[in-house]
Amino acid sequence: MSEKEDLAKQKAEAAAKAKAAALAKKQAKAEAAENTEGEIDLAKQKAEAAAKAKAAALAKKQAKEEAAENPEGEIDIAKQKAAAAAKAKAAALAKKQAKEEAPEKPEGEIDLAKQKAAAAAKAKAAALAKKQAKEEAPEKPEGEIDLAKQKAAAAAKAKAAALAKKQAKEEAAEKPEGEIDIAKQKAAAAAKAKAKAAALAKKQAKEETAEKPEGEMDAAKQKAAAAAKAKAAAAAKAKAAAAAKNRTAVQESEEADTPSEISPNQSKLDQIVSAIESHVGQGALLENYINRLSKDVPTLVANPDTYFSIAKFLRYDEQLDFSYLSELHGTDFESHMEIYVHLHSFKMNQSVALKVKLDRDTPVIPSLVPLWSGANWPECEAYDLLGINFYEHPDLKRILLGEDWKGYPLRKDYEPYDVEV
């Protein structure tokens with residue numbers, strides 16, 4: 001076939017294509033005028049599909065005719081040209097369609113359409129690269145295949161980045177300058193509103209404080225003081241319970257560790273107990289034992305009613321003669337109060353401890369000052385710090401704290417009168 005005949009054939013085919021496209025476009029416009037707004041898009045899609053199918057059929061027919069006339073080398077070139085022409089035509093048609101739909105859609109739908117178009121373009125490019133890689137793979141050795149994959153991946157990344165950059169520029173160009181800074185302005189306004197609300201709350205609190213009369217202020221202070229006292233009492237109670245528990249554990253431990261050997265002071269304890277029971281009475285002592293933790297001192301636990309009688313007997317009995325009182329103190333055990341008296345007999349060269357348990361609510365016991373003058377200040381101290389009342393004391397008074405002091409500091413449940421001090 002001569003060059004003139006080829007040129008004529010190409011022109012005829014081009015004219016046929018143009019005619020077909022014009023006819024499809026005319027048909028689409030006619031159908032669009034007749035259809036309602038909801039059917040316009042459907043008609044456009046059908047027209048586009050028909051145009052694509054017609055163009056594909058025409059390209060296929062042309063390829064067959066050229067394949068029959070051209071040698072093998074020219075067939076591949078013709079295929080590549082036809083594929084490139086089809087791609088260009090499809091891209092132009094998509095671009096034109098996007099432009100036509102853009103004026104009809106609101107801004108939100110335009111952005112959505114752009115995103116969809118970008119996604120479709122990415123997917124199409126990826127599919128094309130994958131197809132091309134598969135076609136080239138059988139012809140290339142293994143090393144070149146990996147290189148081709150890397151190049152394709154790099155090209156896809158660069159294309160996606162360029163597309164995202166372009167899209168960002170287009171969106172920035174469409175927005176006015178005021179809309180760009182609107183987010184910053186909103187954040188600044190929110191921060192100002194928050195600061196203003198905090199300042200208003202502070203001011204209101206000050207005004208309410210200034211408006212309250214003095215009586216209400218005092219009532220608030222009293223409530224705070226009462227709450228502090230209650231809290232302190234609860235803490236003291238918990239502390240006392242823990243201490244009592246520890247004491248019980250210590251006592252149990254002491255009993256468990258008590259050796260079975262007889263104390264060297266046991267015979268003297270028996271002698272003292274026998275003398276007391278003979279002169280004071282069988283029920284005068286509630287208990288007696290050797291205190292292993294205090295140098296095996298014989299210990300006597302007296303009945304409150306016989307406390308003074310036992311002390312008098314120990315003081316004036318000729319054989320016992322406990323003439324020296326070395327110590328007297330009181331202790332709060334929460335369940336009861338206790339008086340501890342330590343006596344010494346120079347005649348026997350022996351010490352003895354006399355104890356008595358008192359009711360905690362009304363701790364009253366006879367004074368030992370008539371028997372030992374050295375009991376004067378220790379009993380005043382027990383009265384001052386624990387509230388134990390020693391009747392028949394010659395001058396019972398507070399010796400450490402003032403007479404106007406409230407409460408007894410060595411009691412487990414003691415609460416300071418002035419919690420702020």
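The values are calculated or read from the model by the stated rules, or taken from the named source; none is laboratory data. Note that this is a predicted model, so its numbers are computed, not measured. Heads up, the Cβs are rebuilt from the backbone with ideal geometry, glycines too, and the neighbour counts pull from every protein chain shown. Ligands, DNA and RNA are excluded from the accessible area calculation, which covers all protein heavy atoms including side chains. Shrake-Rupley method; radii C 1.70, N 1.55, O 1.52, S 1.80 Å.
Remarks
- Gain on full stretching of the segment that runs from residue 295 to residue 128 - 0.36 nm per residue minus C-alpha separation: 49.7 nm
- Placing dummy labels 7 Å off each Cα toward the beta-carbon, the span from residue 236 to residue 279 is 4.2 nm.
- Set 61/89; 25/81; 81/122; 124/151 screened for pairs whose C-alpha atoms are more than 20 Å apart: 25/81; 81/122
- Heavy-atom accessible area ranking, 1.4 Å probe, most first, across 313, 322: 313, 322
- By the Cα gyration tensor, the range 369-421 has an equivalent ellipsoid whose semi-axes, rounded to whole angstrom, run 25, 10, 8 from largest to smallest.
- Point-charge dipole on Cβ atoms (K/R +1, D/E -1) for the range 255-375, about Cα centre, debye to 20: 380 debye
- FRET efficiency, residue 349 to residue 223 (Cβ-Cβ, R0 60 Å, nearest 0.05): 0.45
- With the gyration tensor restricted to C-alpha atoms of the range 297-421, the semi-axes of the equivalent ellipsoid amount to 29, 15, 12 Å, longest first.
- Short-range pairs are left out: with C-alpha atoms under 8 Å and at least six residues apart, the relative contact order of the range 291-404 is 23 percent.
- In the full protein context, the range 348-403 carries 45 Å² of accessible surface per residue, based on a 1.4 Å probe and ignoring ligands, DNA and RNA.
- Computed E for residue 29/residue 151 - FRET, C-beta separation, R0 45 angstrom, nearest 0.05: 0.50
- For a label point 7 Å along the Cα-to-beta-carbon line of residue 399, residues of the range 367-381 with backbone N under 14 Å: 368-370, 372-381
- For the range 259-334: rounded, prolate or oblate by the Cα gyration tensor [a/c cutoff 1.5]: rounded
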